[in-house]
Amino acid sequence: YIIGETEFMGLNFFVNRDVLIPRQETEIVVETVIKLLTSYQLPLTILDIGTGSGNIAISLAKYMEDVKVFATDISRDALKIAKKNAKFNNVSDKIIFLYSNLLSQFSEYKGINSETKFDLIVSNPPYIKSSEIDTLQEEIRFEPRIALDGGEDGLKFYTKIIPMSKKFLKKNGLLVFEIGYHHLQKVKELLKEHGFKNIETIKDYLQIERVIYGQNCN
């Protein structure tokens with residue numbers, strides 16, 4: 001925040017106190033998405049839920065050919081930063097930024113309706129337990145609480161996004177999450193409960209399960 005910018009996936013991003021500072025571990029999410037979609041037919045459509053600074057959406061738009069990315073956030077101030085970052089990294093033409101509480105207002109936008117389907121939905125949602133936020137390192141407490149607070153058990157957004165995503169995923173479409181170290185089993189159970197198959201996890205640099213994804217086979 002002091003210098004107002006950071007690096008992610010080899011790209012520069014503007015940051016301020018309206019957005020979470022992108023973490024190195026989240027690069028694994030981007031790398032996973034790129035790898036998963038190599039066998040999918042072009043053009044591709046991707047939805048990034050809770051885009052924040054836009055780091056995931058912008059990185060995917062930058063490093064993938066023939067892709068259209070939709071990126072949502074509940075914070076209009078965060079969306080301002082994300083749009084600025086998209087312009088700075090020359091991908092504004094590949095991303096549509098939308099104000100929405102998860103997917104609740106998504107269908108209200110022109111060009112998006114109940115028939116809109118995505119090849120992949122990705123999200124790095126808030127997943128820290130509400131009771132734990134004030135115990136974190138002091139520097140983290142400068143970041144927006146809305147980008148950290150995952151509710152009482154840290155699972156608030158997974159329990160909402162997983163069932164909602166079924167409506168917007170194509171058949172065989174993928175749902176990809178970043179997760180906290182203690183969420184693996186519960187998120188896996190939620191994916192199975194809602195009909196996702198071929199569920200896999202990816203470890204981060206510290207060998208902690210960091211990314212989980214499943215396929216919409218229904």
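The values are calculated or read from the model by the stated rules, or taken from the named source; none is laboratory data. Just so it is clear, the structure is predicted and the values come from calculations on it, not from any experiment. For neighbour counting, all protein chains shown are included, and Cβ atoms are generated from backbone atoms with ideal geometry for every residue, glycine included. Just the protein is used for accessible areas: all its heavy atoms, side chains included, with ligands, DNA and RNA removed. Shrake-Rupley method; radii C 1.70, N 1.55, O 1.52, S 1.80 Å.
Structure above, values below:
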item	result
Residue within region 30-39 that is part of a helix (DSSP H, G or I), modelled with pLDDT of 90 or more, open to solvent by 10 Å² or more (accessible area, probe 1.4 Å) and touching a strand residue (DSSP E or B) at 6+ places or on another chain (Cβ under 7 Å) present	yes
Candidates ILE58, ILE161, filtered to the one that is outside any strand (DSSP E or B), under 14 Å from the mean Cα position of the chain (by Cα) and at pLDDT 95 or above	ILE58
Selection status of PHE88, modelled with pLDDT of 90 or more, in contact with a Phe, Trp or Tyr (Cβ under 8 Å, 6 or more places away or on another chain), of a type in the set (A, V, I, L, M, F, W, C) and over 25 Å from TYR158 (Cα atoms)	yes
Failed item, numbered, when LYS68 is tested on (1) in contact with a Lys or Arg (Cβ under 7 Å, 6 or more places away or on another chain); (2) of a type in the set (D, E, K, R); (3) in a loop (DSSP other than H, G, I, E, B)	(3)
Single residue of GLU139, GLU143, GLU152 found to be at pLDDT below 90, over 16 Å from the mean Cα position of the chain (by Cα) and either of a type in the set (S, T, N, Q) or crowded, with 17+ Cβ neighbours inside 10 Å (or both)	GLU143
Residues (in contact with a helix residue (DSSP H, G or I) (Cβ under 8 Å, 6 or more places away or on another chain), open to solvent by 10 Å² or more (accessible area, probe 1.4 Å) and without any contact (Cβ under 8 Å) to a residue 40 or more places away in the chain) located in region 56-66	MET64
Number of the condition not met by GLU27 [criteria: (1) in a loop (DSSP other than H, G, I, E, B); (2) touching a strand residue (DSSP E or B) at 6+ places or on another chain (Cβ under 8 Å); (3) farther than 21 Å from LYS160 by Cβ; (4) not aromatic (Phe, Trp, Tyr)]	(1)
Residues within region 41-55 that are open to solvent by 10 Å² or more (accessible area, probe 1.4 Å) and either at pLDDT below 90 or under 22 Å from ARG76 (Cβ atoms) (or both), tallied	5
